[in-house]
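Below is one structure, written out as structure tokens; comments come after it.
Laboratory data are not the source of any read-out in this text; all were calculated from the coordinates shown. Keep in mind the model is a prediction, meaning the values are calculated, not measured. Because the Cβ atoms are built from the backbone with ideal geometry, glycine has one as well, and the counts that use them run over all protein chains shown.
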Amino acid sequence: MSSYIEDFPILKQKVNDEQLVYLDNAATAQKPRAVVEAIMNYYYHDNANVHRGVHTLAERATKAFEDVRTKVAHFINAPSKDEIIYTKGTTESLNWVAASYGQTHVEAGDEIVISYMEHHSNLVPWQQLAQRTGAKLKYIDLQSDGQLDMDSVRHQITDKTVIVALAHASNVLGVVNPLAEIAKIAHQHGAVLVADGAQSTPHMKIDVQKLGVDFFAFSGHKLMAPTGIGILWGKSELLDDMPPLEFGGEMIDWVQLQETTFKKAPWKFEGGTQNIAGVVGLGAAIDYLEQIGMDNIQKHEHAVIQKVMPELQQIEGLTIYGPQEANKRTGVISFNLDNLHPHDVATALDMEGVAVRAGHHCAQPLMEYLNVPATARASFYLYNTLEDGQRLVEAIKATKEFFKNGTV
Ligand code: PMP
């Protein structure tokens, strides 16, 4: 794959006198010019509120807003654009499923099944729902290499299970979960499968129909769109049955003094003025990714990981979490170095111009499960090159030397 760095002005800067290598993509991705310009053009030429006006700008803004809904439906192979709901991001999408579907389908004694690798966004909403309803929250075990334990999947999902909620790809362990297989198990027991697609959607072709899931959530900002825009996809027969959560303008059909009827999905969920510029940016980001090709992006990231993993594994004292085989991994590598605190490691890497994240990655139960307080995490995207991988390896070696000798 050719280099895309020219499309990302932010990446062409020096940090601490070193050329920046941005490896914090699991937190958020950088934005190509095409996305920034689409937002700028929207504000310069088309800005108006959607749905409500008959004037030309309102019609243009509405068309842009609704066209992106169709684009998103194609992007994840949803059967209908009316199943695409705009949200703030994965967190809001998952909270809405818990609040709307959960509140109307879960009762005391029911079970909600998640796993130990979940991000807090796919854990706390279910914990809250369980507390409110008296349902039981159960956890699927992991194998020693961080992959989901399928025996535990079969054991934990029972006829009492109403909701199974799982990450499609982990933000810590670099694994992709076999959702299609798990969806079948969930459905055999009459449960729905909610997928957290925050870490998969930016990096691979998503086909919600092939995955067989019932709900799928993702964030725009991790796939080069702006922050504050995300998607909840759900099967229409489920969405039609779900109550709206936010009441006000836009989502109503008819308001009388004592009663109101609501629009159908997706609009009944989109109360108030939406993040229209964010939607436009999301459309431009999807165009950008599709022009390169999701399969090409995945192949490129695999090639970088295949090269960097063995080199990292040779560094004495470096522990990598998740599968050790490069071909079982996504572009997320969480690690610890000797017994250094990951914040110190990340700070030292920053001195070398290499941006990585350190902390619990919004997955405290997983940290406890791994028996570590925190990790450092390098995460790659399509603009990262083999040289970036090399810079990470060299920077970690320099960090090791620094803490041994006291100089970088
Ligand atoms: N799930 C996973 C696996 C994630 O990595 C993230 C983002 N770190 C989220 C959910 C939450 O996404 P957002 O903050 O964009 O709502």
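Report, in debye and to the nearest 20, how large the dipole of segment 35-290 comes out about its Cα centre when Lys and Arg carry +1 and Asp and Glu carry -1 on their Cβ.
The dipole magnitude comes to about 200 debye.
Compare the peptides 253-265, 343-355 by average per-residue count of other Cβ atoms within 10 angstrom and give them in order, highest first.
343-355, 253-265
State the answer as a single residue: which of Q127, S100, L173 lies farthest towards the positive end of the charge dipole of segment 57-186, with beta carbon charges of +1 for Lys and Arg and -1 for Asp and Glu, about the Cα centre.
Result: S100, furthest along the dipole toward the positive end.
Over 39 Å apart: what share of the alpha carbon pairs of the chain falls there, rounded to a whole percent?
Working: 17510 of 83028 pairs.
Every Cα pair in the chain considered, those over 39 Å come to 21 percent.
So what is Rg over Rh here for segment 122-226, counting just Cα atoms and using Kirkwood for Rh? Could the numbers behind the result be given before it?
Details: Rg = 13.8 Å, Rh = 14.4 Å.
Using only Cα positions, Rg/Rh for segment 122-226 is 0.96.
With the contact rule set at Cα under 8 Å and sequence spacing of 6 or more, what percent relative contact order holds for the chain?
Computed over the chain, the figure is 22 percent.
What is the order of R60, R154, fewest Cβ neighbours within 10 Å to most? Write out the running numbers ahead of the final one.
Values: R60 16, R154 13.
Fewest-to-most ranking of R60, R154: R154, R60.
Which is farthest toward the positive dipole end of segment 35-290 among L223, T62, Q199, measuring Cα position about the Cα centre, with Cβ charges +1 (Lys, Arg) and -1 (Asp, Glu)?
T62
Residues with amide H under 5 Å of D149's amide H, sequence separation 5 or more or different chain, H placed in the peptide plane at 1.01 Å from N; which?
D141, L142, Q143
What order do you get for 181-187, 6-12 when each peptide is scored by the mean count of other beta carbon atoms within 10 Å, highest first?
181-187, 6-12
For the pair I5/D207, report the inter-label distance in nm, with labels modelled 7 Å from Cα in the Cβ direction.
About 3.5 nm, to one decimal.
How big is D for segment 57-197, in µm² s⁻¹ as a whole number, if Stokes-Einstein is applied with the Kirkwood radius of its Cα pairs at 10 °C and 1.306 mPa s?
Working: Rh = 16.2 Å.
D = 98 µm²/s.
Choose one answer from Q147, Q298, Q13: the residue with the largest mean-square fluctuation in a GNM of the chain with alpha-carbon springs under 10 Å.
Greatest mean-square fluctuation among the candidates belongs to Q13.
Using only the alpha carbons, work out the radius of gyration and Dmax of segment 251-329 in angstrom.
Cα only, segment 251-329: 23.5, 71 Å (Rg, Dmax).
What is the extension gain from D82 to W254, computed as 0.36 nm multiplied by their sequence separation minus the C-alpha to C-alpha distance, in nm to one decimal?
59.9 nm
For segment 325-386, what ratio Rg/Rh do Cα atoms give with a Kirkwood hydrodynamic radius?
When Rh is taken as the Kirkwood radius, the ratio is 0.98.
Please tell me which of these pairs span more than 19 angstrom C-alpha to C-alpha: K14/K400; K307/K397; K71/K184; K71/K205?
From the list (K14/K400; K307/K397; K71/K184; K71/K205), the Cα-Cα distance tops 19 Å for K14/K400; K71/K184.
Which of the GluC sites (Glu not before Pro) found in segment 104-133 are in a DSSP loop and have at most 16 neighbouring Cβ atoms, other than their own, within 10 Å?
For GluC sites (Glu not before Pro) across segment 104-133 that sit outside H, G, I, E and B with at most 16 neighbouring Cβ atoms in 10 Å, the list reads E107.
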